[in-house]
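> Got a structure here, written out as structure tokens. Questions coming.
The values are calculated or read from the model by the stated rules, or taken from the named source; none is laboratory data. Just so it is clear, the structure is predicted and the values come from calculations on it, not from any experiment. No Cβ is skipped: glycine too gets one built from the backbone with ideal geometry, and neighbour counts run over all protein chains shown. Note: areas computed on protein heavy atoms with side chains; ligands, DNA, RNA excluded. Shrake-Rupley method; radii C 1.70, N 1.55, O 1.52, S 1.80 Å.
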Amino acid sequence: MSEILSFNNVSFSYTPEVKDARKAVQNVSFTINEGEWISIVGHNGSGKSTMVKIISGLLFPQEGEVHVMKNVLTEENLWETRTQIGMVFQNPDNQFVGATVQDDVAFALENNGVPHEEMVKRVHTSLKQVNMDSFLNHEPHHLSGGQKQRVAIAGALAMRPKILILDEATAMLDPQGRAEVLNTVQELREETRLTVLSITHDVEEALLADRILFMNDGKKYAEGSPQEVFSLGDKLVEFGLELPFAMRMTKLLKANGVSLIGEHMTEEELVNDLWTSNFNK
Amino acid sequence: MMEKMIFGRYIPGDSFVHRLDPRSKLVFVFAFIIIVFLANNTITYGLLLAFTLFIILLSRIRLYFLINGLKPVLILLVFTFLIHIIFTREGNIVFELGFFKIYEEGVRQGIYISIRFVVLVFVTSVLTLTTSPISITDGIEVLLNPLKKVKLPVHELALMMSIALRFIPTLMDETDKIMKAQMARGSDLSAGPLKDRIKAVVPLLVPLFVSAFKRAEDLATAMEVRGYRGGEGRTRYRKLKWDWRDSISLVVLIALAALLIYLRT
Ligand SMILES: Nc1ncnc2c1ncn2[C@@H]1O[C@H](COP(=O)(O)OP(=O)(O)O)[C@@H](O)[C@H]1O
Ligand SMILES: [Mg+2]
């Protein structure tokens, strides 16, 4: 497995001149390998977006190093690095640059001087990958939030990035839009083994990941598989994170005297346990 | 109200005019605006009017739609016509009522100016109706490209224009939302003395500006992350194609100018 991205004891403060000011990111280290789906969870203001800005070179850490494709991210290789990272942000409207869907998907290609024929090809294939190929000439205000986010994903894919980063990309969407976007990401993963880093508030979304980083007040509090991280249970609740629905349900059922074995992350597990629990008596 | 206005509106289609390159259309319209001033007698004004009708026919935009959409402008037209009729005092008197006299020259000038006005407004409207705003922006960018030599930031201006156009509907929606939110809290924008109404606009503008700045910041971030660093080394996704139609339309325009020069007195 080759390494795509890593943080090495990264610290960042928005006010480095103030002594002892709280750092937005404190001494964070992690590694993302090719083909993984990593989720970063944590309460509002825990430093998630700051980390994304550090990865994309919008901010430079005061301490520590960021490696992208094993190279240290510096001012010199910044633009080169950005071509390898696809990003989708929270607000669907505020990242739509082009006048129409196809113009928007082509934006990064234009910026990087991709020749015209190649651009047309890539715009069409990336839109097909997110199932938006029939919307080529649509204007953004005629699209739903979920559709806009899928176009944003296509715009990122057009550069053939090594990693796709979603910073709360589903936070402003309705349930249907959220499902659309998540399905798109899952399909992409199945087809291309694309490496994904998704920052999210939504625990159900985090459960889809291979590994979860749990941030609290700028520090990495825990890291591990969804099972490992969510087994922290009440600790997570204390730090402002909701537990997955199935876990909360399990807790409530147990509190009310239903005998269940273990903690359940997904509804399916819970249901299986529920309807077999009586046999085991 | 908004549905009827045709300023800045684009009506998709595939007529001869729709298919022209934005560059040739822009050059055509600007040249036409100058050429219009060559007309100075009945034949030349008649020619201009006929030519304009021909363009409208070619664009397959319904004349009724055009006239209907330009009603506010036509009021201005009637006004200029009246001014000419009332204040020109040359030639024979054609109508007299007490001290109020209408002269032949006044009627003629009034009609000429009206034709000039109609022709200019209709031709520029055909341009905006048959060309998408983004194509117009592209056309302007390419046409102004030589001015880069004198340090005019042509690419930046074009990008600004296209982003502004892109965000107009978004900000309109937002204004609407804020307006409803303030109305739900009891602010009344449509009644009361002017002073109160102006005061009621402030709580509308402040949130709108705050959100516009937030949007601008987000957009700048998104653009930078997607590799935007100015016009240098950029390729264009939209290709402008100059074909036989464009050459023909410019040749026709030159012929029209020649004919007008020949026929004017
Ligand atoms: N531009 C900024 N200037 C100063 N402080 C900021 C700025 N952006 C974020 N912060 C602060 O940094 C901390 C982390 O913010 P952020 O990374 O946006 O958190 P998250 O994305 O997890 O909600 C917060 O305390 C926030 O107030
Ligand atoms: Mg954030």
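> Going 7 Å from the Cα of residue B:264 along its beta-carbon direction, which residues of region B:74-88 have the amide nitrogen within less than 19 Å of the resulting point?
none
> May I ask which residue of B:88, A:164, B:128 lies farthest towards the positive end of the charge dipole of the protein assembly as shown, with charges of +1 (Lys, Arg) and -1 (Asp, Glu) on Cβ and the Cα centre as origin?
Farthest towards the positive pole: B:88.
> Can you tell me the Rg and the Dmax, both Å, for the Cα atoms in region B:192-265?
25.8, 62
> So, one more: To the nearest 10 degrees, how steep is helix B:104-130 against the longest Cα principal axis of chain B, on a 0 to 90 scale?
Approximately 30 degrees, to the nearest ten.
> For the pairs A:53/B:148; B:177/B:239; A:23/A:162; A:19/A:162; A:162/B:214; A:70/A:235, flag any whose C-alpha to C-alpha distance is greater than 32 Å.
Details: A:53/B:148 34 Å; B:177/B:239 37 Å; A:23/A:162 29 Å; A:19/A:162 38 Å; A:162/B:214 29 Å; A:70/A:235 34 Å.
Distance filter (> 32 Å) returns A:53/B:148; B:177/B:239; A:19/A:162; A:70/A:235.
> Now for a separate question. With all protein chains present, calculate the accessible area of residue A:228 using a 1.4 Å probe and round the result to the nearest 10 Å².
The accessible area of residue A:228 comes to roughly 110 Å².
> Once each part is reduced to its C-alpha centroid, what is the distance from region B:61-84 to region B:231-251 in angstrom?
Value for the Cα centre distance between the two parts: 33 Å.
> Provide A:141, A:116 ordered by accessible surface of protein heavy atoms (probe 1.4 Å), highest first. Show your work: numbers first, answer last.
Values: A:141 75, A:116 40 Å².
Ranking A:141, A:116 by accessible area, largest first, yields A:141, A:116.
> Solvent-accessible area of residue A:234, probe 1.4 Å, all protein chains present, reported in Å² to the nearest ten, please.
Probe radius 1.4 Å; accessible area of residue A:234 about 100 Å².
> Are there residues in region A:92-107 whose accessible area shrinks by at least 50 Å² when all protein chains are included rather than the chain by itself, and which are they (probe 1.4 Å, ligands and nucleic acids not counted)?
The answer is A:93, A:94, A:97, A:103, A:107.
> Rounded to whole Å, give me the distance from the Cα center of region A:1-17 to that of region A:36-101.
Here the answer is 11 Å between Cα centres.
> Classify chain B: rounded, prolate or oblate, from the alpha-carbon gyration tensor (a ≥ b ≥ c, eigenvalue square roots; a/c under 1.5 rounded; otherwise prolate if a/b is larger than b/c)? Walk me through the intermediate numbers first.
Details: a/c = 2.57, a/b = 1.29, b/c = 1.99.
Oblate, because a/c is 1.5 or more while a/b does not exceed b/c.
> Where the only charges are on Cβ atoms (+1 Lys, Arg; -1 Asp, Glu), what is the dipole of the protein assembly as shown about its Cα centre, to the nearest 20 debye?
Working: 58 positive and 61 negative charges, 458 e Å.
That gives a dipole near 2200 debye.
> While we're looking at this one, here's another question. Suppose every Lys and Arg Cβ carries +1 and every Asp and Glu Cβ carries -1, with no other charges. What dipole size does region A:164-205 come out with about its Cα centre, to the nearest 20 debye?
140 debye
> Using a 1.4 angstrom probe and counting only protein chains, how large is the accessible area of residue A:172 in Å², to 10?
110 Å²
> Could I ask something else about it? Roughly how many nanometres apart are two label points built 7 Å out from the Cα toward the Cβ at residue A:137 and residue B:191?
4.7 nm
> Please give the calculated 222 nm ellipticity per residue for the protein assembly as shown, where each DSSP H segment of at least 4 residues contributes -39500 (n - 2.57) and the sum is spread over every residue; nearest 500 deg cm²/dmol? Walk me through the intermediate numbers first.
Numbers: 21 runs with 287 residues, N = 546.
It lands at -17000 deg cm²/dmol.
> Which of rounded, prolate, oblate describes the protein assembly as shown, given a ≥ b ≥ c as roots of the alpha-carbon gyration tensor eigenvalues and a/c under 1.5 marking rounded, otherwise prolate only if a/b is larger than b/c? Present the calculation step by step, with values, prior to reporting the outcome.
Working: a/c = 2.75, a/b = 2.18, b/c = 1.26.
Note, shape of the protein assembly as shown comes out prolate.
> Quick query: amide H of residue A:216 versus all other amide H atoms, modeled in the peptide plane; which residues come in under 5 Å with a sequence gap of 5 or more or a different chain?
Answer set, sorted by chain and number: A:221.
> Give me the distance between the Cα centres of region A:212-244 and region A:178-196, rounded to whole Å.
23 Å
> Tilt of helix A:101-111 relative to the longest C-alpha principal axis of chain A, in degrees (0 to 90, nearest 10)?
That helix lies at roughly 70 degrees to the long axis.
> Taking the simple approach of a point 7 Å from Cα along Cα-to-Cβ for both residue B:31 and residue A:22, what is their distance in nm?
Rounded to a tenth, the inter-label distance reads 6.7 nm.
> Another question about this same structure. Sequence-distant or interchain residues sharing an amide H contact under 5 Å with residue B:94, placed H: which?
B:102, B:103, B:104
> Where a ≥ b ≥ c are the square roots of the eigenvalues of the C-alpha gyration tensor, would you call region A:3-232 rounded, which needs a/c under 1.5, or, failing that, prolate if a/b is larger than b/c, or oblate? Provide the component values of the computation, followed by the final result.
Values: a/c = 1.80, a/b = 1.43, b/c = 1.26.
It is prolate, given that a/c is not under 1.5 and a/b is the larger ratio.
> What distance in nm separates the two pseudo spin-label positions at residue B:111 and residue B:148, each 7 Å out from Cα along the beta-carbon direction?
Taking the two extended label points, one gets 5.1 nm.
> Counting only protein chains, not ligands or nucleic acids, how are A:11, B:190 ordered by accessible area (probe 1.4 Å), most first?
Details: A:11 5, B:190 95 Å².
These residues rank, largest area first, as B:190, A:11.
> What dipole magnitude, in Debye to the nearest 20, does region A:3-232 give about its Cα centre under +1 on Lys/Arg Cβ and -1 on Asp/Glu Cβ?
Values: 20 positive and 32 negative charges, 52 e Å.
It works out to roughly 240 debye.
> Compute the angle between helix A:116-129 and the longest alpha-carbon principal axis of chain A, please, reported from 0 to 90 degrees and rounded to the nearest 10.
The helix A:116-129 is inclined about 20 degrees to chain A.
> May I pose another question? Based on the Cβ-Cβ distance of residue B:244 and residue A:176, what FRET efficiency does E = 1/(1 + (r/R0)^6) give at R0 = 45 Å, to the nearest 0.05? List each step's numbers first, then the result.
Numbers: r = 48 Å, r/R0 = 1.07.
Approximately 0.40, to the nearest 0.05.
> Largest first, how would A:241, B:74 line up by accessible area (1.4 Å probe)? Could you put the intermediate results ahead of the total?
Details: A:241 10, B:74 45 Å².
Output order, biggest surface exposure first: B:74, A:241.
> Of B:179, B:200, B:223, which is farthest towards the positive pole of region B:175-239's charge dipole, taken about the Cα centre with +1 and -1 on the beta-carbons of Lys, Arg and Asp, Glu respectively?
In region B:175-239, that residue is B:223.
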